[in-house]
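What follows is a set of notes on a single structure, which appears directly below.
Where a number appears in this text, it was derived from the coordinates with a stated rule and is not lab data. Because the structure is predicted, anything quoted here is derived from the model rather than measured. For neighbour counting, all protein chains shown are included, and Cβ atoms are generated from backbone atoms with ideal geometry for every residue, glycine included.
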Amino acid sequence: MEPASPLTADALGRAVADYVEHLSFVRRASAHTVDAYRRDLVQFVEHARSACGGPASPAGVTRLLLRDFLGSVSKGCTSSTVARKLAAVRSMFRHLVRMGKLRESPAEQLGTPKARRRLPAMLNVESASEVMAAPSAALQGTDATRARDAALLEVLYGSGLRVSELIALDLEAVSLGELTLRVFGKGKKERVVPLGTKSAAALSAYLALRGELRHPRTGEQDPAALFLGSTGRRLGVRWVQKLVHRYGALGTGRPDLHPHALRHSCATHMLEGGADLRAIQEMLGHSSLSTTQRYTHLSLDRLLEVYDKSHPLARATHDD
């Protein structure tokens, strides 16, 4: 706590101190959560004192003061940060109401700023191809692990799977004959997604070597899981993330590449290739079409970029 602004200096400060203690010892929130709430609430107390010209109290906090606070912090923060600060203030006032120290909370009727969902950076088609080819150029690992990695990347990108869906795949989910995968998505909803010819070829090559991925001492192997680690166990999310980081760096110099970026790249490249939005929605397992429509913005941005670089009228405008 900053010495120049001790929380115990007034009623509002003491209310914040009590609530932070409640978070720590009664609700047993994590240290990270407690620290975040403390910082946001201290900032609110200081703003309230400045607005009141002196000591502040919970009863003296109005909706107008809260709006003024949110307006001031929004000048240097993202909408998600403003929403977090409002959540901290709102939570504290709800606590005061529950404890009978206030009749009603001044924060209840305030709308939460809508945070814009940010999509992970995606790859263009050329970069995606380079990442897909990276396992064949890798020096580490065995033929079996390189074949597995190639199949894993092809399925992530080619079928647009979530990483959680990928690691949950069983052998029986694969139909090389029909070129399909049976996937269980969010809420255990089952869907059938297409398997591209390159993905099918990579899976076929991997399945021919999958039997080599066993525990080095016991020889044990998960009989159901599609993608196995070198000890014969089903791969986990973190392991897949590390693999994608590695091949992102090897293929395109992108060590920050995330599995979800391959999913987004798949959807965007399909849209740019003329795929129907409803078909993409079904393939990705989105419950709402509005989620899928985010890709139209990316596609439009790409279209404008290409137009700006290639259209003669666009060039003439800049030349002038």
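A few remarks follow.
- Candidate aspartates and glutamates - alpha carbon under 14 Å from Lys188, same-chain residues fewer than 8 apart omitted: Glu165
- Binning the C-alpha pair distances of the chain at 10 Å intervals from 0 yields a P(r) profile of 5, 20, 20, 16, 18, 15, 5, 0 %, listed from the shortest bin outward.
- Cα centroid separation, region 26-70 to region 229-254 (Å): 43
- Considering only Ala267, Ala17, Ala208, the Gaussian network model of the chain with Cα springs below 10 Å gives its largest mean-square fluctuation to Ala17.
- Region 71-181: C-alpha gyration tensor shape, a/c 1.5 cut-off, then a/b vs b/c: prolate
- Low-density loop cleavage sites - trypsin sites (Lys or Arg not before Pro) in region 117-169, where at most 10 other Cβ are within 10 Å (DSSP): Arg117, Arg118
- Under the Debye formula (equal points on every Cα, no solvent term), log10 I(q)/I(0) of region 7-98 at q = 0.18, 0.19, 0.20 Å⁻¹: -0.78, -0.87, -0.96
- Karplus-derived HN-Hα couplings along region 158-175 (A = 6.51, B = -1.76, C = 1.60, θ = phi - 60°), whole Hz, x at Gly and Pro: x, 10, x, 7, 6, 5, 5, 6, 4, 6, 7, 5, 9, 4, 5, 6, 9, 10
- Prolate/oblate/rounded label for region 185-232 (Cα gyration tensor, a/c 1.5): oblate
- Global form of region 162-294, assessed from the alpha-carbon gyration tensor, a/c cut-off 1.5: prolate
- When each of the peptides 212-222, 229-239 is scored by how many other beta carbons lie within 10 Å of its residues on average, the order from highest to lowest is 229-239, 212-222.
- Peptides ranked, highest mean first, by Cβ atoms within 10 Å: ranges 65-71, 83-89: 83-89, 65-71
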